[in-house]
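All of the numbers you see were taken from the coordinates with simple rules; none came from a lab. Computed from a predicted structure; not experimentally measured. Note: ideal-geometry Cβ built from the backbone for every residue, glycine included; neighbour counts use all protein chains shown.
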There are 4 protein chains.
Amino acid sequence: MRVGVLGARGKVGAEVCRAVEAAEDLELVAQVDTGDDSDDLGALTERGVQAVVDFTHPDVVMDNLRHCVEHGIHAVVGTTGFDDARLDTLRGWLDASPATGVLVAPNFSVGAILMMRFAAEAAPYFESVEVVELHHPDKADAPSGTATRTARLIAAARAEAGSGPVPDATSTSLDGARGADVDGIRVHGLRVRGLVAHQEVILGGPGETLTIRHDSLDRVSFTPGVLLGLRQVAAHPGLTVGLESYLGLS
Amino acid sequence: MRVGVLGARGKVGAEVCRAVEAAEDLELVAQVDTGDDSDDLGALTERGVQAVVDFTHPDVVMDNLRHCVEHGIHAVVGTTGFDDARLDTLRGWLDASPATGVLVAPNFSVGAILMMRFAAEAAPYFESVEVVELHHPDKADAPSGTATRTARLIAAARAEAGSGPVPDATSTSLDGARGADVDGIRVHGLRVRGLVAHQEVILGGPGETLTIRHDSLDRVSFTPGVLLGLRQVAAHPGLTVGLESYLGLS
Amino acid sequence: MRVGVLGARGKVGAEVCRAVEAAEDLELVAQVDTGDDSDDLGALTERGVQAVVDFTHPDVVMDNLRHCVEHGIHAVVGTTGFDDARLDTLRGWLDASPATGVLVAPNFSVGAILMMRFAAEAAPYFESVEVVELHHPDKADAPSGTATRTARLIAAARAEAGSGPVPDATSTSLDGARGADVDGIRVHGLRVRGLVAHQEVILGGPGETLTIRHDSLDRVSFTPGVLLGLRQVAAHPGLTVGLESYLGLS
Amino acid sequence: MRVGVLGARGKVGAEVCRAVEAAEDLELVAQVDTGDDSDDLGALTERGVQAVVDFTHPDVVMDNLRHCVEHGIHAVVGTTGFDDARLDTLRGWLDASPATGVLVAPNFSVGAILMMRFAAEAAPYFESVEVVELHHPDKADAPSGTATRTARLIAAARAEAGSGPVPDATSTSLDGARGADVDGIRVHGLRVRGLVAHQEVILGGPGETLTIRHDSLDRVSFTPGVLLGLRQVAAHPGLTVGLESYLGLS
């Protein structure tokens, strides 16, 4: 498969380029970015690109995707900033090019996706569940976006299964000791030098606990998910949101 | 639901009795065991038992189950010693009583079942996977039966998905340093005073790891699984092996 | 050594009795408590008791200790409620019986004591440190007393070494996400069914973390500390507060 | 303090240069290595270097150190290959320059040093102890050198304290399931993609465990130890082996 990378000069894009070049079944034929030595969008068709990876910027990603869809080029997109309006626009373009596939995913880490999935799947079977996320101390927000999303998925799964609230007899506490409350699920954020990005979901019932932990130690952790996306995007025409369905998780 | 417990004087059976009595939707009406103050099998029909739990002994469990199936009493069975021949015999009895359900499960811990399930489901998405089990030092066998079973499930899932062997560049090692090899998956057994029964599956790909850990801290950890079995056995006529299908895991 | 147990009918006292009976170098010769079949304090001298263990009640412990010190009986005390006034009173009694040793300790778990000790010792060598405690959900207070004490010891060790504040760039957060602040150290409390009593201290510097974790899985965890106290109390005349000095930790 | 770095073009040396430059109290004035744009040893005295860091090669380190000691320049040495003969030679040179300090250390990670230290200190207080090391799968040896050294330190501490053998009732096991035996202590080595270098020591007694874990996530983890060495080497004239004594650990 002939691949183009949009945003090829960025930190993430550069890792994607390395990973595509290292994969035997993929060929990197275009590297588009701003700057003198970069290709432009025209190069995609000139060089017969079949699928692109886009890690660019919310300001340019829609133009990139319109161009790709119009030319029947599949796209795997990690750029942020997609709201319902943008997704609807994308669906409209894809209606006119029904054989083309676009995958928009907020997260390409297979480990993070499985952690969230397993946590939500297990949550109705246990009385208790809490989320702990651990990051380097330069991070600006707490809890992390992934932890908040995990807690919401857990809360939704429990609501659907008719689970009651998690038990908690705390009657006296210091402010903050029991963490933040996200839809009834407690979330704790640690900030420790030396850490990268880590998350743990602890579920418990009488006499046992189940812990699901994801450790992200290096930026390259998203590359297997991007390659998986490239290999499967042609088989998923239309718009797909989230890598989950490519993982065989309904 | 009117419940009888077979093996009610055993350690496990006694916990089951306590759990049934504590459940609002279940009524404990018969406690069968050997000994003066125990009920006998006849009590099951006299008292209108709808479902039994059997934690007895391989020597008596088949007689117990024949009696139950003949009388249309559902059964949730944790007694060991079931081979294919016994399961076939059970199926034969159940053919003659098609509305009756029997669940035979080697493990009623929801946490242990989900750990094995998630490990096998995730294994094809990562290059590496190893299993560590940790128990008290009075345990006679290493690795534990659960760890061996987990490794086999992982190996089978990888084989089915066409995953290659796990990477390992070890060229010089002390005997045993890399653990035991179970179907190509490394399994490590720790024996430490103070521990009860714990297991961790560590999966890893470029830049990230996913860890699934089960801690069993108290014998009561199987009771939620037994109660789940009692509540669903009537809805699953015929023979079911393993609690997995009651958990909505195909 | 001939041992008496005061509070022998309590949950903790009963475990102490079992542990003393199982120890080859200790002989349990008196079990004092309220109730018909218990010994009284007079039995201690009648039976030649050399050292007692006291797990009774703040209301009676001072009378017990006055009696023991007057008769030259060493004492290992786990009963709570000791303030400076009580410790001064004890010292006064011991001045009059200079060969007698009394150990008053709030915690006999060797694991918990070492965890706190190591955490405080390591804290000045790392930029970051946070405390996580995990307990069953029936616990009334958060954070736990041990976690609060650990954070204070860490803060004191850092202040003495001239360490600066821990780094934290958090600018937007949900209430509670970053835990409670105890003397500048963040403390997080989890409440999960199935857990008993657990604590983790995570320290971090550039590129590395050091984690010290204590898991208390069973009430018997204090018995090795009590036996250690009994074996060493005669060699430590006068008042000793805390098991630390018996552990060779200054 | 005016600092020179020997081996400044190597991976480790380059990190040391960055760390020295970032430290307010240290000034990087010479970068010695082979190659056109490097300084030579003569630059050390010309530029008034007070202390060097040496991460070079066993073939050149002794020449480097003779030069430094002769000129009264302190040295912090991470180069490998020091045996008793080399250390004796070094002591001889230092006798002739009694105000000069040389620190030779096999490990500059404060976290790793404290892990080993705490493990050995705690080991006599627990019945059981095992070591688990976890590394990326490209590592050639198992167990790791650090794990072997940790096990030996633990075994020595237990022997000195008169501790008995660790309990283990294993009677049937798969080859390797119980790990490698290093002086009677079990050591387990995991190899998982995504990991860097990690080690865990698990100690246990009745009802409790104490776990000491070190995670090394990035090569920079040794830099705080090197800076600590630079800041203290002048206050430790003569030869010091191991960073431990600089850490106030006897």
Chain C, rotation onto B, residue closest to that axis via Cβ, with its distance in Å: C:L217, 3
Total lysine pairs under 20 Å (Cα atoms) in the protein assembly as shown, excluding pairs fewer than 8 apart on one chain: 4
Relative counts (whole %) of C-alpha pair distances in the protein assembly as shown, using bins that are 20 Å wide: 12, 36, 36, 13, 2, 0
Cα extents of the stretch A:6-45 along the three principal axes, largest first (Å): 28, 24, 12
Quotient of Cα Rg and 2.2 N^0.38 Å for the stretch D:1-131, N being how many residues it contains: 1.22
DSSP-defined antiparallel bridges as percent of all bridges, chain A, nearest 5: 45
Copies compared at D:E27 - label distances in nm, ascending, label defined 7 Å from Cα in the Cβ direction: 5.9, 7.6, 9.1
The stretch A:81-177 - convex hull of the alpha-carbon atoms, volume per residue in Å³: 173
DSSP-defined beta bridges in the protein assembly as shown - what % are antiparallel, rounded to 5: 45
Using a 7 Å Cα-to-Cβ projection, B:R9 label spacings across copies, nm, ascending: 3.0, 8.4, 8.4
Positive minus negative residues near C:H136 (Lys, Arg vs Asp, Glu; Cβ under 11 Å): -1
Prolate/oblate/rounded call for the stretch A:174-250, Cα gyration tensor, a/c under 1.5 rounded: prolate
Tail beyond 18 Å, pair distance distribution of the stretch A:147-204 (Cα, percent): 43
Computed over the stretch D:121-161, Kirkwood Rh from alpha-carbon pairs, angstrom: 11.4
Under 5 Å, built H, 5+ apart or other chain: amide partners of D:G179: B:G179, B:G189
Value of relative contact order over the stretch D:110-217, rounded to a whole percent, pairs C-alpha under 8 Å and six or more apart: 41
Label-point separation in nm, D:R9 to B:E46, each point 7 Å along Cα→Cβ: 9.5
With eigenvalues of the C-alpha gyration tensor scaled by 5 and rooted, chain C, Å: 39, 20, 16
Projected label distance in nm at C:E160 and C:T34, using a 7 Å step from Cα toward the beta-carbon: 4.2
Cα centroid separation - the stretch B:151-220 against the stretch A:7-63, whole Å: 38
Filtered GluC sites (Glu not before Pro), the stretch C:1-102: DSSP coil and at most 15 other beta carbons within 10 Å: C:E24
For B:T172, C:T211, order by how many other beta-carbon atoms lie within 10 Å, fewest first: B:T172, C:T211
Inter-copy separations for D:G242, label at 7 Å along Cα-Cβ, nm, ascending: 2.6, 5.1, 5.3
Selected from C:A75, C:A234, C:A140 as most flexible by GNM, with chain C as the system and alpha-carbon contacts under 10 Å: C:A140
